[in-house]
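Shown next, in structure tokens, is the structure this report addresses.
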Amino acid sequence: MSIFSFTIFSLNTSFSQGSQDCLGAISVCQNTYTQSSSFSGFGTNQEIFNTCLANNEQASVWYKFTVQTSGTFGFNISTLNDYDWALYDLTGTSCANIPNLTPVRCNFSAQFGNTGLSLPASGTASISDGAGASPFTAGINAIAGRTYALVIDNYTQDLNGYTLSFTGTASFIDNTAPAMTSLTDNCYQNYVTLTLSEPIQCSSISAGGSDFLISGPGSPTITGAAGVGCPAGGTTNQVMVYYNATGTGLFTLTSKVGNDGNTLLDICGNTLPVGQSLSFNHLGTVTATASPYTICAGGTSTLTATNGSISGATYSWVPTTALSSSNTIPVTATPSVTTIYTLSITYGGCTKSDTARVFVNSAPTASISPQNTILCSGGTVNLTATSIVNGVACTNCSYTWNSGAYSQNTVASSTWINQGVGTYTVVASTPNGCQGSIASTTISSPSNPPTGAACNVIYASSTGTGSGLVNTSPTSLANAITLAQCSNSIIKLAVGQYNLSSTLSVGSLMTLEGGYINNFGQKVSTDGTALTTTIIYRDALNIQGLPTAGRIVALDATGASFFRLQDITIQTANAPATNLASPYGISTYGLYLASCSNYDIVRCRILPGNASAGFSGQNGFDGSSGSSGSQGNKGNSSQDGGFGLCSGDDGGTGVTGGLPGSGGLNGSGNGTGGAGFYGGNGGNGSDDEQAGNCTNGNDGIAGLGPLGGSAGLKGLVEGSNGPDPTGNGGNGGNGGNGVNGNPGTTVGLNDYTGGFYNPSYGTDGGAGG
């Protein structure tokens, strides 16, 4: 006697055509099934191949079940007809794989009447009984958790049905309610995948998601639900539950009765209990922020996320440049240039990212002029501050001197007048509040001040060898400039010519004033003569900048400011000629100015000598000869009613030759002339025919050859006020003339038509040689 763990009952049922395929198989939820009339056909798909059922499916129906507790398993099909069957183990696979599976039991007995699996069970090996075998095959030992599919086929294909009864100690009827086992959150599409303890009916899932509630940060709501891979009328053990959520943190999904009047149902109609719940971590939208998002160079910005700090989350900032930390929030950023930072947050198995930009405004760089000035006792100087931002002068910066003692706002520069000995600082600021570093200058007294009534007045003459501190003892110009340590020094120059063999430097806050006579007691207006003019003359020795940028300079005021030149004539000698070893021209400067500012030049003449020209370039090469002329055109014939007069025209003149090549181009004259482009065309021949022989037309005139290459350009010159260089290269020679075209020749027969004579044409002249 068999022992079962379920109530035995029988039900006379009728099933849809969908149960004739494995995918729509009848779920076994009772012990006995009575089918009053036979199914017809094999459903949508023929699924049985290469089994004991030799004719495959003919009039079939499918059943499916999962073993709940292990034990023996058998069944009995009560019928008067010839029914066959096959039992498949679907554990770990699906109905789609049925055609590739071997049944664990199969019976194709030709006997009419009852058939099935009989007990006792006989191992686990597959058994297949053919047409001549017994209608009963040994049962199986069923193991809990394994899923089976049973197909019953009516070989006789008549209308008689059957009764199916299950036997054995195994329990396969599902009386256990499904349960929620796990949740997996999808990072970007706001749904969770709910996994259940067993398959549930796809038809029991409410499409609007009303089978569930959700709770968590930001008042989330359910928006829908769908089974994963749900076929029509099929089952699934996973459900996608869609929701709206803006917050981040722990969320809880809870089951409830849906709008369809039930929770989720398993294949035997057991319901998912109301109130079951699972929780999951959800990462909402990540928004990175920078505050302030605009800083000055050297300033700081705080980077964080609107999600706030999340327990259990990990953080990553890229790049890590100038950050206080790379894996926390908030962090401080001190970038030197505008930087985009990317924040990535990982939470609940999900990673999301966002960016925050920190704009960096450059700070101004201030400078003070003059720098580190030396004043005599009681002297003063005006200090001027300027600034640049990103290499451009700042015209709207503000300046603060000596920690607020004096300030000017939104100006191109700031001047603090009449300042004495001491150290002075200034700070520049841009309109957006970016403050630069401190610039400073020091005004000091000379370490060894000259003695005299006025230490900032120095006397010089063209023959002076004295101290220069009194008018009766003038010194040389070079020594006077050396003595002028004090700002606002005035060098008084007696009339005469001051000869220099090297360059003298003019410093800031220095005055050179000429025109003094009578022991500096009087000044005269210059008339250009040595008796009334202060002349500073620079000879051609000690040339600066050789070998490539030579220059003769009398006075050099590079970088100086607030200087003054008055009543002086400045001259230089002519620059020496260049040669092949030093081909670059030499410039001459009476006064060399570079990066100077705020200076005065009053009643001065600056007369630099001639600069030297660059060494002449070499001549260009001749252009190449033109090509041969083209052949002459055929001669023109006459028609004169049969009286053959020869009147062929002469050939035309050939086309002139190509353009000339160019000559040399650089200082060393090594350029070459190019070839002419095209040669002249030959003349056009002519020919006539008449009844007698006509002579050929005259040859065309040969084309002219190309012109010669042009001269080389003059060499490069770096002179100022020197003559233009004259070393032109010679012209290239003319290309040769193209040769004459060949004369036309007479060919063909004379042809008379209608009393008129039609001469034939001669062939064209050949190409010129």
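Readers should treat all values here as calculations from the given coordinates under stated rules, not as data from a laboratory. Since the structure is predicted, the reported quantities are computational estimates derived from the model, not experimental observations. All Cβ positions, glycine included, derive from the backbone under ideal geometry; neighbour counts span all protein chains shown.
How much length, in nm to one decimal, is gained on full extension between VAL228 and ILE438, taken as 0.36 nm per residue of separation minus their Cα-Cα distance? Before the final figure, lay out the partial values.
Numbers: separation 210, 0.36 × 210 = 75.60 nm, distance 6.93 nm.
Length gained, VAL228 through ILE438: 68.7 nm.
Given points 7 Å out from each Cα along the Cα-Cβ axis, report the ASN390 to ILE543 separation in nanometres with one decimal.
About 4.5 nm, to one decimal.
Arranged by the count of other C-beta atoms within 10 angstrom, fewest first, what order do VAL274, VAL151 take? Could the numbers behind the result be given before it?
Values: VAL274 11, VAL151 27.
With the sparsest Cβ surroundings first, the list reads VAL274, VAL151.
Determine, from the Cβ-Cβ distance of ALA573 and SER597 and an R0 of 35 Å, the FRET efficiency 1/(1 + (r/R0)^6), rounded to the nearest 0.05.
Details: r = 30 Å, r/R0 = 0.85.
With a Förster radius of 35 Å, E is 0.75.
Sort out for me the Cα centre separation of the stretch 320-345 from the stretch 259-291, rounded to whole Å.
37
Quick one: what are the phi-derived ³J(HN,Hα) couplings along the stretch 329-342, Karplus 6.51/-1.76/1.60 with θ = phi - 60°, whole Hz, x for glycine and proline?
Once θ is set to phi - 60°, the couplings for the stretch 329-342 become 9, x, 10, 9, 10, 10, x, 8, 10, 4, 9, 9, 9, 10 Hz.
Taking 7 Å along the Cα-to-C-beta vector as the label spot, tell me the SER353-SER277 distance in nanometres, rounded to one decimal.
Reported label-point gap for SER353 and SER277 is 3.6 nm.
Any number yet on Rg/Rh for the stretch 457-607, C-alpha, Kirkwood? Could you put the intermediate results ahead of the total?
Details: Rg = 15.7 Å, Rh = 15.8 Å.
Using Cα coordinates only, the ratio equals 1.00.
What order do you get for ARG146, ARG357 when you list them from fewest to most C-beta neighbours inside 10 Å?
Working: ARG146 19, ARG357 13.
Fewest-to-most Cβ neighbours within 10 Å comes out as ARG357, ARG146.
Which cross-chain or sequence-distant (5 or more) residues have an amide H under 5 Å from the amide H of ARG538, H modelled 1.01 Å from N in plane?
When sequence neighbours closer than 5 places are left aside, the close amide H contacts are LEU500, GLN571, THR572, ALA573.
Below 12 angstrom from the Cβ of PRO608, what's the summed charge of the other residues (Lys, Arg +1; Asp, Glu -1)? Each step should come with its number before you reach the end.
Details: positive: ARG538, ARG551, ARG605; negative: none.
Every neighbour counted, the sum reads +3.
Taking Cα pairs under 8 Å and at least six residues apart, what relative contact order does the stretch 180-282 come out at, in percent? It would help to have the intermediate numbers written out before the result.
Values: 268 pairs, mean separation 32.4, N = 103.
So the answer I get is 31 percent.
So if each residue of separation counts as 0.36 nm, and I subtract the Cα-Cα distance between THR91 and THR254, what length gain in nm does that give?
Details: separation 163, 0.36 × 163 = 58.68 nm, distance 3.02 nm.
Gain in length upon complete extension: 55.7 nm.
Which whole-number percent is the relative contact order of the stretch 288-361 (Cα, under 8 Å, 6+ apart)? Intermediate values should be presented prior to the final figure.
On the way: 171 pairs, mean separation 27.4, N = 74.
Relative contact order for the stretch 288-361 comes out at 37 percent.
What Kirkwood hydrodynamic radius do you get for the stretch 365-443 when you take the inverse of the mean 1/r over all pairs of distinct Cα atoms, in Å?
Working: mean 1/r = 0.0796 Å⁻¹.
Its Kirkwood hydrodynamic radius stands at 12.6 Å.
Multiplying the sequence separation of THR285 and SER40 by 0.36 nm and subtracting their Cα-Cα distance, what value in nm do you get? Mind showing how you got there, number by number?
Values: separation 245, 0.36 × 245 = 88.20 nm, distance 5.69 nm.
Between THR285 and SER40, full extension yields 82.5 nm more.
Quick one: what are the phi-derived ³J(HN,Hα) couplings along the stretch 261-270, Karplus 6.51/-1.76/1.60 with θ = phi - 60°, whole Hz, x for glycine and proline?
x, 8, 8, 6, 10, 7, 5, 9, x, 5
Using a basic spin-label model with each label point 7 Å from the Cα along Cα→Cβ, how many nm lie between SER336 and SER445?
Between SER336 and SER445, the simple spin-label model gives 4.3 nm.
Is the shape of the stretch 10-167 rounded, prolate or oblate, going by the alpha carbon gyration tensor and its root eigenvalues a ≥ b ≥ c, with a/c under 1.5 for rounded and a/b larger than b/c for prolate?
On the way: a/c = 1.21, a/b = 1.15, b/c = 1.05.
Judged from the Cα gyration tensor, the stretch 10-167 comes out rounded (a/c under 1.5).
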